[in-house]
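Beneath this line is the structure, given in C-alpha cells, with notes to follow.
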Amino acid sequence: MWWKTARTRLDLGQRGMIMGILNTTPDSFSDGGSHAGVEAAVAHARQMIADGAAIIDIGGESTRPGAGEVAVAEEIARTAPVIAALRAEWAGAISIDTMKASVAAAALEAGADIVNDVSGLTADPDMERVCVESGCGVAVMHMQGDPRTMQVAPDYEDVVAEVRRFFEERLLSLVAAGIDAEAICFDPGIGFGKTVEHNLALLRALANLNVGGRPLLLGVSRKSFIGRVLGSTDLADRSWPTVAITAWAREAGAMIHRVHEVRPNTQALRMTEAILQGGNSAFSG
C-alpha cells in the first residue's frame, strides 16, 4: 500500500506511520499557544521527528467544536513560514491541516507534501484544483456539519455505512476531478460530528471502512470522547488511552495515526506490528 504525495510515495505496506500534530494556533483544544512562532514550532517538530514521526501535520486554525474562523491571511502567516523553515532542514513529509484552498496553495508552495482537509475537500470549491495542480497527497476526512456546529446534535441512521458511502463518493469524485487515487487516504473523523457511541462504532468497524484499497488515517489523540468514556475531565488522563487506541487501530488496519505524543504511540505501533508480523519491528527512535 502506497500513499503518493507531492514529493514521494510513502510505503504503508508493512509499517504504520505517526503523523505528529503541530498546532500554530492560540486556541486549539489541548495545546493552544504552546507552539506559536516559527522557532518554537520548528523546535517541537524536531522533537516529534526524533521521537518517530514520519509526517508533521501543521495547522493554523483550530477545528475544535465551536472554534471561530481564522482569516486566510492570518492562517497563512501562522503556517507557511513554519513549513518553509522545517522544509529547509528536513526531507520528510509535511502536511497542511486546512479547509481553505488559498492556505493549502501557500503551504504547498512553502514545501508541504499533503493537504489534510477535515471537510473532505468539500468546503472550498477551489481545493480540488489546488490538489490536482500540485499532485499532493490528500487526506479526506468525514465530518457532519462544520467545526462550529458539528457537536450540537450529531445524528446517523448507521454511522459506519454513512461514513463508508462518503468515502466511496469522494473517491469517485476526486479521481474524476483529476486527483490520483494513490494520493488519497481516508479519515473517519472521530469526534467531528459524532457522539461517543458513534466514535466507538467507527473504531469497532475500522476494518469495514477500507475503500478502494486506500489507507486509513485515524485521529483520536486526547479527544473528549476518551474523557467521557473514562469519566474524567483531566486532559492528562487521555494520553495512555490514545496509545491503546493506536495499538487497536493498527491491528484493525489503520496505517496513519495523527497524535500529539509521538514517542509512546510510535512504540505502540512497532510493538503491535512485531506481534502481527512475527518479526522484529522494534522502536529505534
Notebook entry, point to check: What percentage of all Cα-Cα pairs in region 155-285 are separated by more than 17 Å?
Noted result: 61 percent
Item checked: Volume per residue of the C-alpha convex hull in region 90-218, rounded to whole Å³ -> 109 Å³
Check: Build a GNM of the chain with springs between Cα atoms under 10 Å: which of Ala244, Ala36, Ala254 gets the top mean-square fluctuation?
Finding: Ala244
Checklist line | Overall Cα dimensions of the chain - principal axes, largest extent first, Å | finding: 44, 41, 38
Item checked: Theoretical ellipticity at 222 nm over the chain - DSSP helices of four or more residues, -39500 (n - 2.57) apiece, nearest 500 -> -12500 deg cm²/dmol
Note to self: Let me check I've understood the local charge: for Asp237, count other residues with C-beta under 15 angstrom from its C-beta, Lys and Arg +1, Asp and Glu -1. What total comes out?
What the structure shows: +2
Next item on the list: Please report, to two decimal places, log10 I(q)/I(0) for region 1-130 at q = 0.10, 0.15, 0.18, 0.21 Å⁻¹ as given by the Debye formula with identical point scatterers on the Cα atoms and no solvent.
Entry: -0.29, -0.66, -0.97, -1.30
Check: Nearest-5 percent of antiparallel DSSP beta bridges in the chain?
Finding: 10 percent
Check: Using a cut-off of 26 Å between alpha-carbon atoms, which lysines can reach Lys4, once sequence neighbours fewer than 8 places away in the same chain are excluded?
Finding: Lys100
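Read-outs throughout are calculated quantities, based only on the coordinates presented, and are distinct from any laboratory measurement. Small disclaimer: the values here were computed from a predicted structure and weren't measured. Every residue, glycine among them, receives a Cβ derived from its backbone with ideal geometry; neighbour counts consider all protein chains shown.
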